[in-house]
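Undergrad: Okay, handing you the structure first.
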């Protein structure tokens, strides 16, 4: 359910609100857009509640904003959509109600008391969806790698102490053979690459438990390897999808990838978050503040009580931290 209010903010005195309830299905959202057009609404503001604001935003962006901008009496800000952070519109404890919350949202927007979120255009939002999904799959791959190592330790297979990358080429060949039922440690050790530092004797000792390994461990190992292969296929598909989406901005990706500590993958994620030219931000200071990379300034009576940085954009903070660590390691090496 959507609680929607409309008011003429240019009239002196108390705000006069007209209230209306709408459902959240597509037909009701289109009815909301039509009603806002009937009410000659110039601007719209909504609260960023989890993911539920997204269909409302996209419907208004498609069915309300273009018609609002093309009206004969359209103004400079006609068709403007605002997304307010929920924390900036909090009411008093125990006083949360839908319509009063919506009215307070309008009043605080007029008074410029709201903290507004940056919402990119539809194309850039699609980039964000792909890059963030890829990041989640990458985290799942790391988690699965840790679970695989835990399973091997439980089965007394000490392969992780000799192979730096458990799911690398050598490790995966040995694990696949182990999952398929191989019981000879020497045969498993022979599958390792010749460049591996561990000797065949060490590998045989680490894989010695395979001679009497219970079948359930082999089945669990096979399931983990199949899941790992599936995750890698999905990550590869998202790589191709992202390369296709960002092909018009390939020059920006390449320039950004040349920065120490960054690569093509990090450059694509940064462009998905801020855009190919960061044109939304009027200055580098605004961009640094939005990212959360600048110190705070909590001052009272000439005394600064905190330099703590704002929370900012979590994705960008993660990328910049990773890039800084990678650049520092490269410089030391």
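Undergrad: Residue 197 passes all but one of (1) part of a loop (DSSP other than H, G, I, E, B); (2) closer than 30 Å to residue 279 by Cα; which number fails?
TA: (2)
Undergrad: Can you name the condition, by its number, that residue 167 falls short on among (1) part of a loop (DSSP other than H, G, I, E, B); (2) over 30 Å from residue 130 (Cα atoms)?
TA: Every listed condition holds for residue 167 apart from (2).
Quick grid of which residues meet (1) outside the structural domain of residue 105 (by TED's automatic domain parsing); (2) buried (at least 18 other Cβ atoms within 10 Å of the Cβ); (3) under 20 Å from residue 110 (Cα atoms):
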| residue | (1), (2), (3) |
| --- | --- |
| 9 | no, no, yes |
| 14 | no, no, yes |
| 30 | no, no, no |
| 36 | no, yes, yes |
| 39 | no, no, yes |
| 51 | no, no, no |
| 54 | no, no, no |
| 66 | no, no, no |
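Undergrad: Can you tell me which of 129, 138 is modelled with pLDDT of 90 or more, farther than 24 Å from residue 62 by Cα and assigned by TED's automatic domain parsing to the domain that holds residue 221?
TA: Going through 129, 138 in turn, the sole match is 138.
Undergrad: Does the stretch 296-313 hold any residues that are exposed (fewer than 13 other Cβ atoms within 10 Å of the Cβ) and in contact with a strand residue (DSSP E or B) (Cβ under 9 Å, 6 or more places away or on another chain), and which are they?
TA: Correct list: 297, 298, 299, 304, 305, 306, 307, 308.
Undergrad: Which numbered condition in (1) surrounded by fewer than 12 Cβ atoms within 10 Å (Cβ to Cβ); (2) outside the structural domain of residue 279 (by TED's automatic domain parsing); (3) under 25 Å from residue 329 (Cα atoms) is the only one that residue 180 fails?
TA: (3)
Undergrad: Mind checking which residues of the stretch 175-194 are assigned to a loop (DSSP other than H, G, I, E, B) and in contact with a helix residue (DSSP H, G or I) (Cβ under 6 Å, 6 or more places away or on another chain)?
TA: Answer for the stretch 175-194, where residues must be assigned to a loop (DSSP other than H, G, I, E, B) and in contact with a helix residue (DSSP H, G or I) (Cβ under 6 Å, 6 or more places away or on another chain): 182, 183, 191, 192, 193.
Undergrad: Is the stretch 259-269 home to any residue that is over 21 Å from the mean Cα position of the chain (by Cα) and more than 16 Å from residue 128 (Cβ to Cβ)?
TA: yes
Undergrad: Right, another one. List the residue pairs whose Cβ atoms are under 8 Å apart, where the first residue sits in the stretch 176-190 and is on the phi > 0 side of the Ramachandran plot, the second is part of a helix (DSSP H, G or I), and the two are 6 or more positions apart or on different chains.
TA: Filtered contacts from the stretch 176-190: 181/218.
Undergrad: Restricting attention to the stretch 79-105, report how many residues are farther than 23 Å from residue 14 by Cα and surrounded by 13 or more Cβ atoms within 10 Å (Cβ to Cβ).
TA: The qualifying residues number 6.
Undergrad: Turning to a different aspect of this structure: Yes or no: the stretch 268-280 includes at least one residue that is surrounded by fewer than 18 Cβ atoms within 10 Å (Cβ to Cβ) and touching a residue at least 60 places away in the same chain (Cβ under 8 Å).
TA: Yes: one or more hits.
The values are calculated or read from the model by the stated rules, or taken from the named source; none is laboratory data. Predicted model only: the values in this text are computed from it and were never measured. A quick note on method: Cβ atoms are made from the backbone with ideal geometry, for glycine too, and the neighbour counts reach across all protein chains shown.
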